[in-house]
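A.B. asks: Right, I'll just put the structure down here and ask away after.
None of the figures in this text is laboratory data; all of them are computed from the coordinates on show. If you're wondering where the values come from, they're calculated on a predicted model, not measured in any experiment. Please note: Cβ atoms are built from the backbone with ideal geometry, for glycine as well, and neighbour counts cover all protein chains shown.
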Number of protein chains: 2
Amino acid sequence: MKSPGKKNGSPPTIIDVANLAGVSMKTVSRVVNNEATVRAKTRERVQKAIDSLSYQRNVFARGLRADRSLVLGLLYENPQGDYPADILHGALAYCREHGYHLVVEVLRGPDMGGQTARFLSQTKLDGVFMTPPVCDNASVLKVLKNFGVSYVRISPNKPKRGEQYIAIDDFAASKEVIDYLISLGHRRIGFIKGMPGHASTQARLEGYKSALEGGEIDLDESLVVEGNFDFESGVLGAETLLALSEPPTAIFAGNDEAAAGVLSYAHSHGLSAPQDLSVCGFDGGTISKVVWPKLTTVMQPIRLLGESAVRLLIARDGNEHKAAKPVILPHTLIIGDSTARR
Amino acid sequence: MKSPGKKNGSPPTIIDVANLAGVSMKTVSRVVNNEATVRAKTRERVQKAIDSLSYQRNVFARGLRADRSLVLGLLYENPQGDYPADILHGALAYCREHGYHLVVEVLRGPDMGGQTARFLSQTKLDGVFMTPPVCDNASVLKVLKNFGVSYVRISPNKPKRGEQYIAIDDFAASKEVIDYLISLGHRRIGFIKGMPGHASTQARLEGYKSALEGGEIDLDESLVVEGNFDFESGVLGAETLLALSEPPTAIFAGNDEAAAGVLSYAHSHGLSAPQDLSVCGFDGGTISKVVWPKLTTVMQPIRLLGESAVRLLIARDGNEHKAAKPVILPHTLIIGDSTARR
DNA sequence: CTCCAAAATGACAAGGTTGTCAATTTCGGT
DNA sequence: ACCGAAATTGACAACCTTGTCATTTTGGAG
């Protein structure tokens, strides 16, 4: 079963297209690469030939000749859980659509910069994108600059003006959650922080504070406890908060996994949610849907994060100094069964 | 910061190595490709030159010239959830280690064979691996054979003797779970099946039956209900089972997600696990750890599945008729908090 | 020591694309 | 209709590796 339009076994080359369209192979190359200096009429004729032969450029020949490799890199630290997996899925889908490949490198330990350097010197990459905490690692960023590799940061810590990054509006999303809890009559709301150093940890805390202020509730520092985005920190956070002399009636955990920890602690101590305690998470992935009760949470478009990162890198690939505007993706407040009127 | 040993900007080529070692580039090529006909002494000299220049062969030039592309493919249907993500992770890691790339293709709808054919005619692949249900799709397998692409099936339905596939021993694992429940004193054990057509669905059911037999418990068909590996089917399964005039004291769901559904149904109907009902899952991923109570489940080495698939493909790439032995990976019974003595 | 087969090595081309730069065409202004 | 500048197109080399096939070297038998 051969694909239609082929005369012999081997796939059509740029020369076949050129012959059919009656132009030189260089002009075909120009069309394929979307270069500007081709007359519309010529372009159309070439495109028709491309379609009729279902020509696809040979990735290897291109990679060999051009300076671009058509390979992008994803750097991250912790390959567990929904978050990186979804990023990866989104990125892969978009890469494939556009003929790019994706290599993944997991960075670990103290010398991330060195690992990055080794990685880059072995693989010629057209661009790199990173999730926290890698995207906030100074030595990694330095190496990337030295190698002249363009990069996109996902949810970075302190993005500089004009730097290319992608994020959601953690501040606003967090504020929405707390506003919702306040609207349900809650006035003592616990907050379990995310991983220290993560940009979103800080932004979500600010959103929390801002919402309290808007609701004319005084901030009680004892209601804000440490955490790091995992199940165990949810358990510990709940333990601390519920041991207070005046415990909270609602807890906003740093993310869904931590919220699951809160639920778990509550259940095992005879508290039922949402009757005795309202719980909110953040992420909106699988976890929020399989725990009982289903979490009220913020849905992040995580796949879209990965997809957007790749889109930006591909758009920039070649066109060196494209304006680098940050991309802020939309979020959605999901009302689950884990929150109730006080 | 350049990598050590490079004189100018561009990386060393096979010619640089040849000059340094005092041989022809062809001989270097032979060493790099581990071909047999190189004298030990020569090989050593070349290897030293390779090391001192930290030469790495250009993937594109190789791909262009050689018949092999160094690209493997992963075909699957449903890119959601832990399972495919973990497969992908394991596969990607091993690919990178060995200089291979990985492209991912999601097949959907009725014409999987046609999609596969289109995919293969566009990309020269050195091998393909598939998860269920793609790996059981007859038209896909036929297309793969027609194209002469070697493939590995993960958890296939009816593997033929001598065919290359990877799986865990679902039968034994399931039996272990039921044996454990029996050892806790349970005698009425509900079983929620997995997705129809999946090999593991059948194997786990057989394991269930075998264990009952071993425990001298008569099979009650009403305790076995349909399902399809998702949360909702766990909810529905629990509803059906718990509505029986003589309901089960323990339920073994098809996988963790379905088990989470069972827990959810139980909780919302005033039953607490494990006191009123023991629940078991299957997979051992994130879900089993974030629900309350933590699930008793079977841990599958999912990442290892992906890694092994790639390992087999790479080993076979080139050496056409390597003996194709099935690979059975080990599983582990994880005792959680969702099961208790009856 | 010579000869021969087998083993080891080398010379050269080919693979499909894009960069460079030269050649040709187009088009606005006279 | 003609000129010159700008736009468009084309010829050819180069990218790096491996397959083919010829050549050289090795090592053992005579």
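A.B. asks: Would you list which aspartates and glutamates come within 15 Å of A:LYS193, measuring only between C-alpha atoms, while excluding same-chain residues fewer than 8 positions from it?
C.D. replies: Result set, ordered by chain and number: A:ASP170, A:GLU206, A:ASP220, A:GLU221, A:GLU226, A:ASP230, A:GLU232, A:GLU239, A:ASP256, A:GLU257, A:ASP283.
A.B. asks: For chain B, what relative contact order do you get, as a whole percent, if you take Cα pairs closer than 8 Å and at least 6 residues apart?
C.D. replies: The value is 16 percent.
A.B. asks: Would you work out the relative contact order for segment A:125-176, in percent, from Cα pairs under 8 angstrom that are 6 or more residues apart?
C.D. replies: Taking the mean separation of contacting Cα pairs over the length of segment A:125-176, I get 34 percent.
A.B. asks: If you don't mind, there's one more thing I want to ask. Once the label point is set 7 Å along the Cα-to-beta-carbon vector, what list of distances in nm do you get between A:ARG187 and its counterparts in the other copies?
C.D. replies: Ordered by increasing distance: 5.8 nm.
A.B. asks: Could you tell me the calculated FRET efficiency between A:SER210 and B:GLU239, based on Cβ-Cβ distance and R0 = 41 angstrom, to the nearest 0.05? Each step should come with its number before you reach the end.
C.D. replies: Values: r = 43 Å, r/R0 = 1.06.
After rounding, the FRET efficiency stands at 0.40.
A.B. asks: Based on alpha-carbon atoms only, what is the radius of gyration of segment A:14-57 relative to the globular estimate 2.2 N^0.38 Å? Walk me through the numbers before you get to the answer.
C.D. replies: Numbers: Rg = 8.8 Å, N = 44, 2.2 N^0.38 = 9.3 Å.
Dividing the Cα radius of gyration by 2.2 N^0.38 Å gives 0.95.
A.B. asks: Taking a threshold of 18 Å on the Cα-Cα distance, which of the pairs A:LYS124/B:LYS124; B:LYS124/B:LYS160; A:LYS175/A:LYS325; A:LYS158/A:LYS325; B:LYS175/B:LYS289 fall above it?
C.D. replies: On the way: A:LYS124/B:LYS124 21 Å; B:LYS124/B:LYS160 26 Å; A:LYS175/A:LYS325 24 Å; A:LYS158/A:LYS325 15 Å; B:LYS175/B:LYS289 22 Å.
Listed pairs above 18 Å: A:LYS124/B:LYS124; B:LYS124/B:LYS160; A:LYS175/A:LYS325; B:LYS175/B:LYS289.
A.B. asks: Using modelled backbone amide H atoms (1.01 Å from N, in-plane), which distant-in-sequence or interchain residues come within less than 5 Å of A:THR296's amide H?
C.D. replies: Those lying under 5 Å, H to H, from A:THR296 are A:GLY281, A:GLY336, A:ASP337, A:SER338, A:THR339.
A.B. asks: Going 7 Å from Cα along the Cα-Cβ axis for the label, what nanometre distances separate B:ASP218 from the same residue across the other copies?
C.D. replies: Values, ascending and in nm: 7.1.
A.B. asks: Between copies, how far does the label point of B:GLU35 sit from its twins, in nm, shortest first, when each point is 7 Å from Cα along Cα→Cβ?
C.D. replies: Once sorted, the set of distances for B:GLU35 reads 3.6 nm.
A.B. asks: Return the average number of partner chain Cβ atoms within 10 angstrom of each residue Cβ along peptide B:260-270.
C.D. replies: 3
A.B. asks: Give me, ordered by chain and number, the residues 5 or more places off A:ILE251 or on other chains with an amide H under 5 Å from its own placed amide H.
C.D. replies: Sorted by chain and number, the residues that satisfy this are A:GLY190, A:SER278, A:VAL279, A:CYS280.
A.B. asks: Near the amide H of A:HIS198, under 5 Å away, which other amide H atoms are found, from residues 5 or more places off or on another chain, if H is placed in the peptide plane?
C.D. replies: none
A.B. asks: Return the average number of partner chain Cβ atoms within 10 angstrom of each residue Cβ along peptide B:292-304. Walk me through the intermediate numbers first.
C.D. replies: Details: counts 10, 3, 2, 0, 0, 0, 0, 0, 0, 0, 0, 1, 0.
The shielding value for this peptide is 1.
A.B. asks: Using the Cα atoms as the points, what is the convex hull volume per residue of chain B in Å³?
C.D. replies: 173
A.B. asks: Measuring from the axis that superposes chain B on chain A, report the chain B residue with the minimal C-beta distance, rounded to whole Å.
C.D. replies: Closest Cβ on chain B to the axis mapping it onto A, in Å: B:ALA85, 2.
A.B. asks: Using the Karplus curve 6.51 cos²θ - 1.76 cosθ + 1.60 with θ = phi - 60°, what ³J(HN,Hα) values do you get for each residue of segment B:101-107, in whole Hz, with x for Gly and Pro?
C.D. replies: 9, 9, 10, 10, 10, 9, 9
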